[in-house]
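Below is one structure, written out as structure tokens; comments come after it.
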Amino acid sequence: MPKIASIETLLARVGIRNQLLVKVTTEDGLYGWGESGLSCREGAVAAAVDHFAAFLIGKDSRQIGRIWQEAYRSQYFEGGRVLTAAISAIDIALHDILGKRLGVPVHQLLGGKQRDEIPTFPSCQAGTVDQLLDKARTLVDAGWDCLRIYPGDHGDDGVYDPRRSLGQTANELIALREAFGRDLCLGIDIHHRLSVAEAASFCAMLPPGTLDFLEEPIRCQTPKAYRTLRSMTTIPFAIGEEFSSKWEAAPYIEEGLTQYMRLDICNIGGFTEAMKVAGWCETHYVDLMPHNPLGPVCTAATVHMAAAVPNFSWTETRQGPTESLGFHDPELFPVQIPLDGITYRVPDGPGLGVEVDEEKIRKLPQPEHVEPPHLKRPDGSVTNW
């Protein structure tokens, strides 16, 4: 029985943010890598991983589903994003180990690949309409047929004024649609900054057909609010990157509150939970559009999941030419799934297909505390980043 011998966290500053990696090693020397998706609160997740390690060491590493259940149900206060981010990293690492043990890629453990390559969408933002058009042209000329922008007046000065931002953003989207026509899939990530009224007003500013998906316009904790917003616009929604379980995703799938499922495999509970959500989405004709803003381990896990599901659209990539974030440093990750043009090719090697240079990571300076912008509205009140 290949028992778990150790579960270790590695926290390192890679690019512009910290990455929390989890290494699981078995008694016979195999190891696998996972990654947590709860950015900027990595210390809390690392502590949760240590809690789980206390009772998972000695368990059969092949019993991945059972380990998921025990980790999730092992406390009275079940669930929550910190705990499921920790479970996600452990679950991904266990799949990596099992793939290596059997000599197959992880997607083979999930039923085998249904596609050979994974389409992606990049993101861009600029200060003026002309700058945004130039960046979008760079992406379209490189071959992308789907791209996402961020709102105008993004709050770089620490102040976010929704009314000023939404008018500017509507003008940008209208200009992009006029410049690139109907063939381009065009989306925007609002980053859950709006109220229902503000989101509805923004949608009303856009001529029909301007926008193909609206991502996270309001926070997701209250499905009823999304029911109200859903009744006020026909623009498809892309929601789910904050979900930490199938239970959180359930009303959005069952009630048609999202048309694209933005689950993050490093937050929702790893492969074990993500595949359940994917199957649920399939029954309601909802395609996956995974959140993938992290490093090579997250990207590899996303690629294997995307390869194995029938209901898939695009995955996010942060490796496009309009972003220089440094999350996929080849010095630290000498083996990883590269972005091949505008797609990730599905790998056929054993496990995830990622290797980490531990020696170099361990020699890095201690990671900085990374805090997201604490935005305020013009009246001084706190608002979402």
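Values in this text are rule-based calculations from the coordinates and carry no lab data. Note that the structure is predicted; figures quoted are calculated from it, not measured. Every residue, glycine among them, receives a Cβ derived from its backbone with ideal geometry; neighbour counts consider all protein chains shown.
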query = If you line up the Cα atoms of the range 96-235 on their principal axes, what length do they span on each, largest first, in Å?
reply = 56, 40, 32
Phi to ³J(HN,Hα) by Karplus 6.51 cos²θ - 1.76 cosθ + 1.60 over the range 341-356, Hz, x for Gly, Pro = x, 10, 9, 9, 6, 6, x, 10, x, x, x, 6, x, 9, 10, 10
query = Within a Cβ distance under 14 Å of PRO338, other residues only, what is the Lys/Arg minus Asp/Glu net charge?
reply = -2
task = Output the Kirkwood hydrodynamic radius of the chain, Cα pairs only, in Å rounded to one decimal.
result = 21.3
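Compute, for the range 108-350, the length of the dipole vector about the Cα centre, with Cβ point charges of +1 (Lys, Arg) and -1 (Asp, Glu) only. Units Debye, rounded to 20. Walk me through the numbers before you get to the answer.
On the way: 19 positive and 33 negative charges, 126 e Å.
Roughly 600 debye, rounded to the nearest 20.
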key: GLU316 long-range amide H proximity, modeled H, under 5 Å   = PHE121, ASN292
message = Among PRO373, PHE121, HIS328, which residue has its Cα furthest toward the positive end of the charge dipole of the chain, with +1 on Lys/Arg Cβ and -1 on Asp/Glu Cβ?
response = PRO373
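Within 10 Å of each candidate Cβ there may be at most 16 other Cβ atoms; applying that plus a DSSP loop requirement, which GluC sites (Glu not before Pro) in the range 43-126 survive?
Working: sites: GLU70, GLU78, GLU117; in loops: GLU78.
Hits after loop and neighbour filter: GLU78.
Step by step: find N for the range 182-327, compute 2.2 N^0.38 Å, then divide the Cα radius of gyration by it. What's the final number? Spell out each step's value before the answer.
Working: Rg = 14.9 Å, N = 146, 2.2 N^0.38 = 14.6 Å.
It is 1.02.
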note = So the angle from the long Cα axis of helix 42-56 to the longest Cα principal axis of the chain, reported in degrees to the nearest 10, equals 30
task = Any chance you could check the Cα centroid distance between the range 238-260 and the range 1-17 for me, in angstrom?
result = 29
inquiry  = Given Cα positions, please report Rg to Rh for the range 250-385, the hydrodynamic radius being the Kirkwood one.
reply    = 1.03
ask   = What percentages, rounded to whole numbers, describe P(r) for the range 90-156 computed over all alpha carbon pairs with 10 Å bin width beginning at zero?
value = 17, 28, 17, 23, 13, 1
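Filter the chymotrypsin sites (Phe, Trp or Tyr not before Pro) in the range 245-342 to those in DSSP coil with at most 14 other Cβ atoms within 10 Å of their Cβ, and list the result.
Details: sites: TRP247, TYR252, TYR260, PHE271, TRP280, TYR285, PHE312, TRP314, PHE327; in loops: TYR285, TRP314, PHE327.
Hits after loop and neighbour filter: TYR285.
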message = Between 0 and 90 degrees, rounded to the nearest ten: what's the tilt of helix 162-180 against the longest Cα principal axis of the chain?
response = 90
key: Convex hull per residue volume in Å³, alpha carbons only, for the range 4-103   = 87
query = Hey, got a sec? Which trypsin sites (Lys or Arg not before Pro) in the range 114-201 land in a DSSP loop and have at most 10 other Cβ atoms within 10 Å?
reply = ARG182
inquiry  = Helix 270-283 against the longest principal axis of the chain: what's the angle in degrees, Cα atoms only, rounded to the nearest 10?
reply    = 50
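Arrange SER244, SER123 by Cβ neighbour counts within 10 Å, fewest through most, would you?
Working: SER244 24, SER123 20.
Lowest to highest Cβ neighbour count: SER123, SER244.
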